[in-house]
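Engineer: There's a structure below that I have some questions on.
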Amino acid sequence: MSKERPETRAAQLLDEYIDSRLSGRMAPKPDEFAARCPQTEREGLMEAIYGVENVVAYHCDDHISDKLLDDTLAKISQVLVRRRLVLRINELISTEWATMSSDFVHGAEKIIATLGPASWAPSKPFLGSAVMNRGSGLTVTSKALLYTNEANLKLLESTLEKKIGETIALMDDLSAPVDLSVLAQRLCLIVQNVPLDPLDGCLITNGEAGIILLNSSVLDERRRRFTFGHEIGHAVLHSGQALYKDSSSQLDDFDAGAEMQANVFSSLLLMPSALLPSNFGATLPSLAAADELCEEYEVSLLASLRRLVRASNWGCALVVSKLGAIQWTVRSPFFQAFIPKQLHPDSLASQLFANEEWPCQSKAEWPAEMWCEGIDDESTIVEESRRVSNEYVYTLLLLVWKD
């Protein structure tokens, strides 16, 4: 059987442990065994020993296939390699970070380049932007296209949910708010808070380990957490040797492409299905409900609104407007109506842009045609809009169909 692993003391001791288990001899206790290993590799060896124990200890020798054991050894090899990479990154940061002046992105690139390429082939890109060619910039001319866009979005979210499940399985304890620092450690991502203007965040990776840079001047902790989750999303979804530089505009983009995928990933990661109440989609969506999500999961309002809308069993939609123009929209699966690309001048959203003296949040019920195209009956729509800055207004729409 092939047991290709780096010839470190930890790898030699691991071979010895495996041989003792396969021969039927009683292996020493893991902590006593690991004591023979250098301190810097001891934690990785302990983790590897427990991994072997799970596979070997509960099977008879003749029930352990060569493939099963080889696969396990390969995974253990990756654990050891990644441990060394993390130690190496930390070592380089501690010795070279002070000499990097203000160009931390370039410094991080140099550190990752020092590590060389990944020791195993990186996976293919997660999903191309063609999967999600949608948004307010797209002229929707038929219900067939609307349904196709919804099907594409469901496919994307379903695939992301699966990826999220695999990712959070790396954590020993899952609770709200999700501890992203622990998750980053498990993914071999070193996190540094540095001056990074005009960027909010950045990921530099060789496909198996990397550095996440977060802008230390961003004081909004919820915004920082979303950026953190976004960079983890790039690491999980878009693996391979890469550099991702993310500004505020990219972190607000839920429209299409790799940035949208990382944004949706972050939203789902920060509010995973495993932590949401069973009746989450049944409750009536509102800005107040979104605020509660923000508090419990320590997320931004934009992330909570999108999560609320996409999980909802109601006909609702989120509209994000900038300087009086619609930037993008997202609908619940039950909002089967077209939203025009221009704000109606009488809408609350338009009024919030035009009148700074208005309260920052307003709610009203209108004829549905104010916000929707292609509706011929007397249905109405409830608009709840909030001015979140001088540039942005978020609008939550609830469609009320005529009986």
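Engineer: Name the residue, out of Leu251, Leu270, that is at pLDDT 95 or above and in contact with a Phe, Trp or Tyr (Cβ under 8 Å, 6 or more places away or on another chain).
Structural biologist: Working: Leu251 fails: at pLDDT 95 or above.
Among Leu251, Leu270, only Leu270 is at pLDDT 95 or above and in contact with a Phe, Trp or Tyr (Cβ under 8 Å, 6 or more places away or on another chain).
Engineer: Same structure again: When you look at Leu352, is it under 27 Å from Leu219 (Cα atoms) and either among the small types (Gly, Ala, Ser) or modelled with pLDDT of 90 or more (or both), yes or no?
Structural biologist: Numbers: under 27 Å from Leu219 (Cα atoms): yes; either among the small types (Gly, Ala, Ser) or modelled with pLDDT of 90 or more (or both): yes.
Answer is yes for this residue.
Engineer: Can you tell me which residue among Gly207, Gly165 is at pLDDT below 85 and not hydrophobic (A, V, I, L, M, F, W, C)?
Structural biologist: None of the others qualify; the one that does is Gly207.
Engineer: Kindly establish whether Leu174 is in contact with a Leu (Cβ under 8 Å, 6 or more places away or on another chain) and farther than 17 Å from Asn90 by Cα.
Structural biologist: Considered against the rule, which asks whether it is in contact with a Leu (Cβ under 8 Å, 6 or more places away or on another chain) and farther than 17 Å from Asn90 by Cα, Leu174 comes out as yes.
Engineer: The conditions are (1) over 20 Å from Arg223 (Cα atoms); (2) without any contact (Cβ under 8 Å) to a residue 60 or more places away in the chain; (3) in contact with a Leu (Cβ under 8 Å, 6 or more places away or on another chain), and Ala262 fails exactly one of them. Which is it?
Structural biologist: In the conditions (1) over 20 Å from Arg223 (Cα atoms); (2) without any contact (Cβ under 8 Å) to a residue 60 or more places away in the chain; (3) in contact with a Leu (Cβ under 8 Å, 6 or more places away or on another chain), Ala262 misses (1) alone.
Engineer: Identify the single condition in (1) under 15 Å from the mean Cα position of the chain (by Cα); (2) free of Cβ contacts under 8 Å to residues at least 40 places away in the same chain that Asn193 does not satisfy, given that it satisfies every other one.
Structural biologist: Against the list (1) under 15 Å from the mean Cα position of the chain (by Cα); (2) free of Cβ contacts under 8 Å to residues at least 40 places away in the same chain, Asn193 comes up short only on (1).
Engineer: Give the range 355-396 a look and list any residue that's within 18 Å of Ser332 (Cβ to Cβ) and either touching a Cys at 6+ places or on another chain (Cβ under 6 Å) or among the small types (Gly, Ala, Ser) (or both), or say none.
Structural biologist: Once the filter is applied, which keeps residues that are within 18 Å of Ser332 (Cβ to Cβ) and either touching a Cys at 6+ places or on another chain (Cβ under 6 Å) or among the small types (Gly, Ala, Ser) (or both), the range 355-396 yields Ala368, Gly374, Ser379, Ser385.
Engineer: So Leu276 passes all but one of these: (1) modelled with pLDDT of 90 or more; (2) under 16 Å from Leu180 (Cα atoms). Which condition number does it fail?
Structural biologist: Looking at each condition in turn, Leu276 falls short on (2).
Engineer: Can you find even one residue in the range 333-342 that is modelled with pLDDT of 95 or more and under 24 Å from Leu156 (Cβ atoms)?
Structural biologist: Quick first cut of the range 333-342, residues modelled with pLDDT of 95 or more only: none.
No: zero hits.
Engineer: How about the range 274-285: which of its residues are assigned to a loop (DSSP other than H, G, I, E, B) and surrounded by fewer than 17 Cβ atoms within 10 Å (Cβ to Cβ)?
Structural biologist: Of all residues in the range 274-285, those assigned to a loop (DSSP other than H, G, I, E, B) come to 276-279, 283-285.
Leu276, Pro277, Ser278, Asn279, Thr283, Leu284 - these are the residues of the range 274-285 that are assigned to a loop (DSSP other than H, G, I, E, B) and surrounded by fewer than 17 Cβ atoms within 10 Å (Cβ to Cβ).
Engineer: Mind checking which residues of the range 186-197 are outside any strand (DSSP E or B) and either touching a strand residue (DSSP E or B) at 6+ places or on another chain (Cβ under 9 Å) or surrounded by 24 or more Cβ atoms within 10 Å (Cβ to Cβ) (or both)?
Structural biologist: Within the range 186-197, the first condition is being outside any strand (DSSP E or B), and the residues that meet it are 186-188, 195-197.
Of everything in the range 186-197, those that are outside any strand (DSSP E or B) and either touching a strand residue (DSSP E or B) at 6+ places or on another chain (Cβ under 9 Å) or surrounded by 24 or more Cβ atoms within 10 Å (Cβ to Cβ) (or both) turn out to be Leu187, Cys188, Pro195, Leu196, Asp197.
Engineer: On to the next question. Can you find a residue in the range 338-347 that is more than 32 Å from the chain's Cα centre (by Cα), surrounded by 17 or more Cβ atoms within 10 Å (Cβ to Cβ) and either of a type outside the set (A, V, I, L, M) or not assigned by TED's automatic domain parsing to the domain that holds Leu180 (or both)?
Structural biologist: Applying the first criterion (more than 32 Å from the chain's Cα centre (by Cα)) to the range 338-347 yields 344-347.
From what's left, surrounded by 17 or more Cβ atoms within 10 Å (Cβ to Cβ): 347.
This time we only want the ones that are either of a type outside the set (A, V, I, L, M) or not assigned by TED's automatic domain parsing to the domain that holds Leu180 (or both), so: 347.
Yes, some residue in the range 338-347 is more than 32 Å from the chain's Cα centre (by Cα), surrounded by 17 or more Cβ atoms within 10 Å (Cβ to Cβ) and either of a type outside the set (A, V, I, L, M) or not assigned by TED's automatic domain parsing to the domain that holds Leu180 (or both).
Engineer: Any residue in the range 339-360 that is farther than 21 Å from Leu287 by Cα sitting within a Cβ distance under 6 Å of a residue that is modelled with pLDDT under 85 and in a loop (DSSP other than H, G, I, E, B)? List the pairs, counting only those 6 or more apart or interchain.
Structural biologist: The qualifying pairs are Lys341/Ser136.
The values are calculated or read from the model by the stated rules, or taken from the named source; none is laboratory data. The model shown is predicted, which means the values in this text are computed figures rather than measured ones. Glycine gets a Cβ as well: all are built from the backbone with ideal geometry, and neighbour counts include every protein chain shown.
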